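Worksheet: the structure to be examined is printed underneath.
Every read-out reported here was derived from the displayed coordinates using simple, explicitly stated rules and does not represent laboratory data. Being a predicted model, the structure only gives us computed values, none of them experimental. Using ideal geometry, Cβ is built from the backbone for each residue, glycine included, and neighbour counts are taken over all protein chains shown.
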Amino acid sequence: MKGSRTYIKLIGVLFILLFSCNEDRVGENEYGIIKGKVVATGTNMPLENVRIATQPVTSTVFTDSDGNFRIENAPIGDYAVEARLDGYLAGYEPASVLANVEVNVIFELEVSTANNRPPTTPELIAPAENELLQSIEAVFEWASTDPEEDPITYTLELRNDQNDDVMLFEDITETTFTYSPLILGAQYFWQVSATDDINDPVLSPVGTFDVINAPIDNRFLFVRNINGNNVIFSADESGAEFQLTSQETNSYRPRRNVAGNKIAYLQTTGAQVDIFTMNRDGTDKFKVTSNVKPNGFNLNELNIAWPPSTDRIYFAVFDKLYRIRTNGQALQLIYQTTDASFISEIAVSENSNLIVLKTNNIDGYNASIISVSFNGNLIDTIISGVDGAISGLDLSVTNQKILYSYDESGFQSADYRRLDSKIFLYDMVTQTTSEISQNKPSGTNDLEPIFSPNEAFVIFTNTSNDGISQKNVHRLEIDSDQNSRELLYENAFMPDWE
């Protein structure tokens, strides 16, 4: 019996050995799949040709154009998956592979800054070193580049020799910056720093410029177009100019009031226009109008009137004439046309109870010039319902003469083009009209006439009738038989002379 038990044991051992030699151990030769996607941090932009490897080692693969990858036949187990691409920090993600299962791994790689270089030192371009600015506005300009084309942000620091103020303008993304108002007569110091938000900021040298002293003899006003905006300038008899309004806003039609020692003007915001006032040096700008604003067939063709020795400014809103005090109070309806025509040009004498108006239809034509009293009674009709454009209107200090320009060609078009505009003088005493556009060059227009303070001269705009050429401000003597035309300011229009 003992021998039989020994024999049975041997059979059992042999069976176990045979079984263990002919069958795999549990889990051996079982595989899964590692797949995934690689994108850039922040943008989620797929990254192509990223090298994907594992530890323990399996296959090495690369991402496709969509940032996807796939490792087949990865033995089951735990892995560290690595993603590498030049210019990015390597990424590592864990993965546990199970038999016949796809495990998904997502990488978000950050841009490597180890070899990133800072922006170049900003080069100060404008204002030029030691430049004397003829304005209370400075347009700063500089240049800087980044070797890796990283976005650059700038900080502008501005100081002056008049006070201890340090002005910092941060998070500037362009290489230009406009600032106003500057202190007249001051010396300024400015510096720009540039950063790519990776490296330390880079500082420019310190620039220096001066601002002109306050102009005291600038009796001429005119408008110049700069980068698509109308900008108001003043000038003296010698031609020295001073910029009064910012080139970042659209400001035009200046009218100086001698008694108030201020200038009124129009400024647009989108499709609306408001009346502003400012000091003669461009400081202390104040918006006069609020709910009721100037309006008409064409905002560029509207004018305003600010009679001497009054603080009331007159303006039109379609067929209505209003006046308002310069502090923005006491808005008052003064007159309304009887035929619903629009009011575009205004001249007013409060002490003579006289209003002169140019009216027109919605297209700017069928124009008339009339004079009315403050109670609305018609005094005189200078022009009535003519073809062609009328632009520019002024009243003499004696209130006996009216100055205007009229296109004698009678041409009418959708773009309000004029072909042969001349300056005319109407005498309200004799009720006669005379042309004073002596020696006007053919193919040009004389526009926007204004009396000189002594009324011996007229200041006006002359330009080609093509409607796109440069405009220039001229002066001529009213009673001269000679060619008295004199060029005053180039690239200028909408003059005033008080």
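Computed over segment 123-211, the percent of Cα pairs more than 14 Å apart is 62. From the alpha carbon centroid of segment 281-326 to that of segment 73-119 is 68 Å.
Using only Cα atoms, tell me the angle between helix 2-22 and the longest principal axis of the chain; keep it within 0 to 90° and round to the nearest 10. It works out to around 30 degrees.
Backbone phi angles across segment 268-284, fed through the Karplus curve with coefficients 6.51, -1.76 and 1.60 (θ = phi - 60°), yield HN-Hα couplings of 9, 10, x, 9, 10, 9, 10, 8, 10, 10, 7, 5, 5, 9, x, 8, 6 Hz in residue order; Gly and Pro are listed as x. When the alpha-carbon atoms of segment 272-317 are used, the pair Rg, Dmax equals 11.4, 32 angstrom. Across segment 220-497, the volume of the C-alpha convex hull divided among the residues equals 123 Å³ per residue.
Estimate the FRET efficiency between N100 and V206 by the formula 1/(1 + (r/R0)^6), using the beta-carbon distance for r and 51 Å for R0, to the nearest 0.05. If you can, show how the numbers build up before the last one.
Details: r = 70 Å, r/R0 = 1.38.
Rounded to the nearest 0.05, the efficiency is 0.15.
Annotation for segment 219-259: GluC sites (Glu not before Pro) lying in DSSP loop with at most 15 further Cβ atoms inside 10 Å of their Cβ are E237, E248. Only lysine pairs 8 or more places apart or on separate chains count here, and in the chain those with Cα atoms under 20 Å apart total 12. Here the calculated FRET efficiency for N377 and I183, from their Cβ-Cβ distance with R0 = 56 Å, stands at 0.65, rounded to the nearest 0.05. Equivalent ellipsoid of segment 90-158: semi-axes from √(5λ) of the C-alpha gyration tensor, largest first, are 53, 12, 7 Å.
For segment 115-157, GluC sites (Glu not before Pro) are listed when DSSP marks them as loop and at most 12 other Cβ atoms sit within 10 Å of their Cβ; the list is E129, E149.
Counting 0.36 nm for each residue step from S469 to E350 and taking away their Cα separation leaves a gain of 39.1 nm.
When you have a sec, figure out the Kirkwood radius of segment 31-109 from all distinct Cα pair distances and drop it here in Å to one decimal? Spell out each step's value before the answer.
Values: mean 1/r = 0.0814 Å⁻¹.
Kirkwood hydrodynamic radius for segment 31-109: 12.3 Å.
In terms of overall dimensions, the C-alpha atoms belonging to segment 37-176 reach 80, 26, 22 Å along their principal axes, ordered largest to smallest.
With both residues required to sit in the chain, DSSP beta bridges show an antiparallel share near 90%. Using all pairs of distinct alpha-carbon atoms, the Kirkwood hydrodynamic radius of segment 165-264 works out to 16.4 angstrom. Pull up all non-local amide H partners of R219: gap of 5 or more, or a different chain, and H-to-H distance under 5 Å with H placed in the peptide plane. It is A235, E237, by chain and number.
For segment 220-497, calculate the relative contact order in percent as a whole number, restricting contacts to Cα pairs under 8 Å that are 6 or more residues apart.
On the way: 747 pairs, mean separation 31.5, N = 278.
Across segment 220-497, relative contact order equals 11 percent.
The fraction of all Cα pairs in the chain landing in successive 20 Å bins from 0 to the largest distance is 18, 33, 19, 14, 9, 4, 3, 1, 0, given as whole percents. Between the listed residues I362, P201, L395, the Cα displaced farthest toward the positive end of the dipole of the chain, a dipole computed from Cβ unit charges relative to the Cα centre, is found at I362. Over all other residues within a Cβ to Cβ distance under 10 Å of F209, the charged ones net out to -3, with Lys and Arg as +1 and Asp and Glu as -1.
Can you give the direction-averaged projected area of the convex hull of the alpha-carbon atoms in segment 455-498, in nm²?
Values: hull surface 13.8 nm².
Hull-based average projected area comes out at 3.5 nm².
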